[in-house]
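Student: One structure, pasted below without further comment.
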Amino acid sequence: MDRTEELAVGRRLLGHIDGRTTDLADSLFRNRVIAYSCRERARLERDRLFRDQPMFMGLSARLAKPGDYLTEDVAGMPVLMTRGVDGSVRAFANICRHRGAPVAEGCGNARAFTCPYHAWTYDLAGKLLGTTDKVGFAGLDLDAHGLVRLPAAEKHGMLFVRPKPVQQDESPEIDVDGNLGAIAPDLAALKLETYPMFSVDVVKPRINWKFAIDTFLEVYHVPYLHRKTIGPYFIGNVGTFDGAGLHGRMCVARTSIDAVRGLPEAERNYRPHVISIYQLFPNTILIFQVDHIEIWRAFPGRDDPSHCEVELTIYRPADTDKPDAYWEKNRDIAIRTVMEEDFPLGERMQIGFESGASEEVIYGRNEPSLVHFHSSIRNALGVPA
Ligand code: FES
Ligand SMILES: [Fe+2]
């Protein structure tokens, strides 16, 4: 966010702290537990959320140089994303046009991809360069057998892919600003393109993917569940919330925010005291921490509503003089808090959802990010409840 917005958010937070209030949703929101446990709902989510929506894939540093590539299974779609020799980012289904083997694994830097099965070769722009048995495939039109293109984009230092092939007459470029709406300038001001990646961790908790996102969308639980870890550093149950289409931004205060009170407003620096939590619909949480960026992405288990895969990526500033041990400590705190406190409790909650004993969960007016996230899901799925 820019300086004007930083001051406005700081004012709102101090006002809430003084008045013992927080930003509120219009009304409380009841969600049926089947949203977390029903297989049919999970299939609908895969089609409407994880195929139709652009997916955040990471910051630009993930594909820093020409020739860099990454592969991922995005809710059942094998994705290959590349930075071409021309510097532009493209995405493809990571499926060989011969018999379907993945043409690339993991991530790295390459000039071309050779399929491990029968060694057909593709360039960074997905073009089929050649087959191995020239007689067996004589007459095959190489131009018509490139990798299947997926819409992709790089904007404001972020990478996006839509895990559904480019349709006829459709642009292979995602309109990122159109999709992000009002939150786009706010994200652009963060200069995300300047952050190199520090670490990647993946866990597979036995929870619905939405619960992994819910974890970050309220600080009501922080003084209770996290009283032994991050609880003492945050002001619980106080936050600002601003929705932007399907996306949203929540800002919360550290207890250290009191330090700005003695300063005239123009001199106040809220940066060390305010954490901005961006919810990029549907499955990404981008947290602008005091001095680094922490990103969580959650993916549903294949046709299984009770499992998910969660990735934590930490990006540190490029011009830091802090040693790796400092960033390692931040990574450790994030892992301990979320993976050892939030997710284990979530696994118990998931069992409760699947027990059938209770039909609904309730998100309070004091949890406006949660209310917004789940109403956005309902809207995108086109379901009434
Ligand atoms: S499946 Fe790729 S070359 Fe045969
Ligand atoms: Fe938590």
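The values are calculated or read from the model by the stated rules, or taken from the named source; none is laboratory data. From a predicted model like this one, the values you see are computed outputs, not experimental measurements. Every residue, glycine among them, receives a Cβ derived from its backbone with ideal geometry; neighbour counts consider all protein chains shown.
Student: So H307 passes all but one of these: (1) crowded, with 19+ Cβ neighbours inside 10 Å; (2) part of a strand (DSSP E or B). Which condition number does it fail?
Tutor: Of the numbered conditions (1) crowded, with 19+ Cβ neighbours inside 10 Å; (2) part of a strand (DSSP E or B), the odd one out for H307 is (1).
Student: I'd like the full set of residues that are buried (at least 23 other Cβ atoms within 10 Å of the Cβ) and more than 23 Å from F50 (Cβ to Cβ), limited to the range 75-98.
Tutor: R83
Student: Out of all the residues in the range 66-77, is one or more part of a strand (DSSP E or B), within 16 Å of ligand 1 (Cβ to nearest atom) and within 20 Å of K164 (Cβ to Cβ)? Give the steps one after another, and end with the answer.
Tutor: Quick first cut of the range 66-77, residues part of a strand (DSSP E or B) only: 68-74, 77.
Still in the list and also within 16 Å of ligand 1 (Cβ to nearest atom): 71.
Checking which are within 20 Å of K164 (Cβ to Cβ) leaves us with 71.
Within the range 66-77 (the criterion being part of a strand (DSSP E or B), within 16 Å of ligand 1 (Cβ to nearest atom) and within 20 Å of K164 (Cβ to Cβ)), the answer is yes, since at least one residue qualifies.
Student: Identify the single condition in (1) over 24 Å from the mean Cα position of the chain (by Cα); (2) more than 30 Å from L190 (Cα to Cα); (3) outside the structural domain of E311 (by TED's automatic domain parsing) that V85 does not satisfy, given that it satisfies every other one.
Tutor: Unmet condition: (2).
Student: Looking at (1) under 24 Å from the mean Cα position of the chain (by Cα); (2) outside any strand (DSSP E or B), which one does D26 not meet, given that it meets all the others?
Tutor: (1)
Student: Ok, one more. Tell me, yes or no, whether the range 17-31 has at least one residue that is within 23 Å of E267 (Cα to Cα) and in contact (Cβ under 8 Å) with a residue 24 or more places away in the chain.
Tutor: yes
Student: Still on this model: On the basis of being surrounded by fewer than 23 Cβ atoms within 10 Å (Cβ to Cβ), in the same structural domain as L140 (by TED's automatic domain parsing) and either more than 16 Å from ligand 2 (Cβ to nearest atom) or part of a loop (DSSP other than H, G, I, E, B) (or both), does A101 make the cut? Break it down into steps so the answer makes sense when it comes.
Tutor: Numbers: surrounded by fewer than 23 Cβ atoms within 10 Å (Cβ to Cβ): yes; in the same structural domain as L140 (by TED's automatic domain parsing): yes; either more than 16 Å from ligand 2 (Cβ to nearest atom) or part of a loop (DSSP other than H, G, I, E, B) (or both): yes.
So A101 fits the description; yes.
Student: Just to be sure I understand the filter: pairs with C-beta atoms under 6 Å, separated by 6 or more residues or on different chains, first member in the range 137-148 and assigned by TED's automatic domain parsing to the domain that holds T114, second member assigned to a loop (DSSP other than H, G, I, E, B). Which pairs pass?
Tutor: So the pair list comes out as F137/T131; H145/R97; G146/G126; G146/K127; L147/G126; V148/P165.
Student: Also, I was wondering about something else. I need a count of the residues in the range 114-127 that are within 14 Å of H145 (Cβ to Cβ) and either near ligand 1 (Cβ under 10 Å from one of its atoms) or in a loop (DSSP other than H, G, I, E, B) (or both).
Tutor: Kept after step one, since they are within 14 Å of H145 (Cβ to Cβ), are these residues of the range 114-127: 115, 118, 120-123, 125-127.
Of the ones still in play, those that are also either near ligand 1 (Cβ under 10 Å from one of its atoms) or in a loop (DSSP other than H, G, I, E, B) (or both) are 115, 118, 120-122, 125-127.
Adding up the residues that qualify gives 8.
Student: I need every pair where a residue in the range 90-101 that is within 23 Å of A153 (Cα to Cα) and among the basic types (K, R) has its Cβ under 8 Å from the Cβ of a residue that is more than 16 Å from ligand 2 (Cβ to nearest atom) and not in a loop (DSSP other than H, G, I, E, B), sequence separation at least 6 or different chains.
Tutor: Close Cβ pairs (under 8 Å, with a partner that is more than 16 Å from ligand 2 (Cβ to nearest atom) and not in a loop (DSSP other than H, G, I, E, B)) amount to R90/M81; R90/T82; R90/R149; R90/A152.
Student: Something else: Is there any pair with a first residue in the range 115-128 that is more than 16 Å from ligand 2 (Cβ to nearest atom) and a second that is in a loop (DSSP other than H, G, I, E, B) and aromatic (F, W, Y) whose Cβ atoms are under 7 Å apart and which are 6 or more apart or on different chains, and what are they?
Tutor: Listed pairs, sorted by first residue: L128/W120.
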